[in-house]
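The values are calculated or read from the model by the stated rules, or taken from the named source; none is laboratory data. All values derive from a computational prediction rather than experimental measurement. For neighbour counting, all protein chains shown are included, and Cβ atoms are generated from backbone atoms with ideal geometry for every residue, glycine included. Calculation scope for accessible area: heavy atoms of the full protein, side chains included, ligands and nucleic acids excluded. Shrake-Rupley method; radii C 1.70, N 1.55, O 1.52, S 1.80 Å.
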Amino acid sequence: MKKVKVSLQPLVSKLNLPTVLKTTILPGESIERLFIATQVGEIYYVGNGDLKTFLDLRPRILKLGASSGGYDERGLVGLAFHPQFYYNGLFYLHYSLAGTQGPGALSKPFKPDPCNPSTLNLKWTNRETQYDHIDTVEEWILQSNRQPLIRRTLLNLRRPFLNHNGVNSLNFSPETGRLVLTTGDGGSGYDPFNLSQDDMEIAGKIIEIDVAKETLINNPPIVTRFHELPEPIQETLTVMAKGVRNIPGISFQRVYNHYIKYTGNVGQDLAESIFSFIHYKPIPVTQLTQAYLMNLEPDQEGVINLGWRGWEGVFPTSIISSCTANPASNEIINAYYDEAITTSVKRLQPLISYFHKDPRTDKFGATALTGVQPYMGYAIPDLKGCIVFTDLARDENSQLPVRGILAYTGVRTDCKLNDFSIIETDYDFGSQSAYYVSLGSNLDQSSLYLGVYGSTKVADRNQGTVFEIVPSG
């Protein structure tokens, strides 16, 4: 693949951790504005060279970092503008609600033991008391006086652990006009309760929401499973994909008369993966619920399965431990053999998997996939039509300062594993760590934006910078 070099042009700095980067045109204006949502709950936009506040959600956001030493994956994780936002002012938010902190679903960290079947089949019991927090998905409107106002709540979701809530979790499909919600598997590690493959669990899915349907329910019940939802809400939902671990959103690339969908799956110990697909057949939640109540297997022909927890990208999910005979080496043990077999022919093969340990000189050791965006611009010719992605931090044997990674891959429709290449950048971060935490684009995908943070801890404030990715030189 071609060696590509770009420059990073700083747009705004001293932000809290930027989780979502999007553009839209405000009602009454003609210029596309860059919007930045931070994990702690601020939403800004860049206008006339200044950073202006669009909405401050901080009082509505759960206190972050208090119980986890500063690290946290909750907060404001999703922002999407309605395709007709210019005319109707509607936008959508996904965040963790203030005052909903619970004790968590397990009392200690989870790791499966293939020699102990009881660890492979845990159940999430006492859900109303044993949970970590509650996420909400809301519809808001920008009023004529430019003041945002909440209109209704679409979903209230009880989550078992603090992590795997995803980032950039709300996006509109240009194909269907529906709001797409991406949900992680609930957290911990290894998906302790196998929520991602359970058809009734909301966790670990990609869900389409028909926001044009009026449910007349403005504050739905707090749930974890689809059948717990009132029927009018079930009727607005379809399941697009399952087998999700942790997901940095979904993006769409128009090619001729169809759209290629791209979505990533953050790995456990071995690999990060990006999946692509064109054709799918979402299954209505009412159909899933009916099959569940009648104890039948639903028809899932056309539903996308990313394979987790049986598969971590191209690998069967494995446990890594040190070899007793050779401490310098690792022992890799299959964690869920039966599940890997069951899902082996049902799952979608990844477009690429890149690895936490990679001996090749032109590759890198990964940490976590944080963004996937098609680039359709002309300014960087070698990237036109390609898929750009970001990884949180390059594994360089813990050398400091930390650097994130920008890379790209090409479009492929033959279901074979694709290659990828590092995109070199010429920005000097100095002695500051630079974690690449988010990736966004403008409306026609001709510009890309990169969110960088100086720490992995959301409690370390004001260390964020948003860059535009521009041609080198």
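Going through region 255-305 one residue at a time, which ones are among the acidic types (Asp, Glu) and under 30 Å from Asp395 (Cα atoms)?
Asp269, Glu272
When both residues are 6+ apart or on different chains and their Cβ atoms are under 6 Å apart, which pairs have a first residue that lies in region 135-152 and is closer than 15 Å to Ile61 by Cα, and a second that is surrounded by fewer than 17 Cβ atoms within 10 Å (Cβ to Cβ) and among the polar types (S, T, N, Q)?
Thr136/Thr153; Glu138/Thr153
So Leu26 fits all but one of (1) crowded, with 19+ Cβ neighbours inside 10 Å; (2) within 23 Å of the chain's Cα centre (by Cα); (3) of a type outside the set (Asp, Glu); what number is the exception?
Failing condition for Leu26: (2).
So which residues in region 366-397 are surrounded by fewer than 21 Cβ atoms within 10 Å (Cβ to Cβ), outside any loop (DSSP other than H, G, I, E, B) and modelled with pLDDT of 95 or more, if there are any at all?
Passing the criteria: Pro381, Asp382.
Looking only at region 197-210, how many residues end up being in a loop (DSSP other than H, G, I, E, B), open to solvent by less than 20 Å² (accessible area, probe 1.4 Å) and out of contact with any Gly (no Cβ under 8 Å at 6 or more places or on another chain)?
In the first step, residues of region 197-210 are kept if they are in a loop (DSSP other than H, G, I, E, B); the result is 198-200, 202-205, 210.
After this cut, where a residue has to be open to solvent by less than 20 Å² (accessible area, probe 1.4 Å) as well, the list is 200, 202-205.
If we keep only those that are out of contact with any Gly (no Cβ under 8 Å at 6 or more places or on another chain) as well, we get 200, 202, 205.
Result for region 197-210: 3.
Can you find even one residue in region 99-106 that is closer than 17 Å to Ile43 by Cα and among the aliphatic types (A, V, I, L, M)?
No: region 99-106 contains no residue that is closer than 17 Å to Ile43 by Cα and among the aliphatic types (A, V, I, L, M).
Taking region 209-257 as the search range and keeping residues that are of a type in the set (Ser, Thr, Tyr) and more than 24 Å from the chain's Cα centre (by Cα), which one is nearest to Gln349 (Cα to Cα)?
The first filter runs over region 209-257 and keeps only residues of a type in the set (Ser, Thr, Tyr), leaving 215, 224, 236, 238, 251, 256.
Narrowing the set further to residues that are more than 24 Å from the chain's Cα centre (by Cα) leaves 215, 256.
On the way: Thr215: 37, Tyr256: 23 Å.
Per the stated criteria, the residue is Tyr256.
Quick one: which of Asp428, Asp460, Asp362 is acidic (Asp, Glu), in contact with a Gly (Cβ under 8 Å, 6 or more places away or on another chain) and assigned to a loop (DSSP other than H, G, I, E, B)?
Asp460
Within the group Arg412, Arg360, Arg394, which residue is without any contact (Cβ under 8 Å) to a residue 12 or more places away in the chain and more than 17 Å from Ser446 (Cα to Cα)? Show your work before the answer.
Numbers: Arg412 fails: without any contact (Cβ under 8 Å) to a residue 12 or more places away in the chain; Arg394 fails: without any contact (Cβ under 8 Å) to a residue 12 or more places away in the chain.
None of the others qualify; the one that does is Arg360.
Would you kindly identify the strands (runs of 3 or more DSSP E) lying entirely within region 227-271 that contain at least 1 residues that are surrounded by fewer than 20 Cβ atoms within 10 Å (Cβ to Cβ) and of a type in the set (A, V, I, L, M)?
Values: elements: 237-242, 250-255, 258-265.
Ranges flagged: 250-255, 258-265.
Mind listing whichever residues of region 94-137 are in contact with a helix residue (DSSP H, G or I) (Cβ under 9 Å, 6 or more places away or on another chain) and not β-branched (Val, Ile, Thr)?
Kept after step one, since they are in contact with a helix residue (DSSP H, G or I) (Cβ under 9 Å, 6 or more places away or on another chain), are these residues of region 94-137: 95, 97-98, 110-114, 120, 124, 136.
Result: Tyr95, Leu97, Ala98, Phe110, Lys111, Pro112, Asp113, Pro114, Leu120, Trp124.
Looking only at region 66-105, how many residues end up being open to solvent by less than 80 Å² (accessible area, probe 1.4 Å), part of a loop (DSSP other than H, G, I, E, B) and under 27 Å from Ser455 (Cβ atoms)?
Final tally of qualifying residues: 12.
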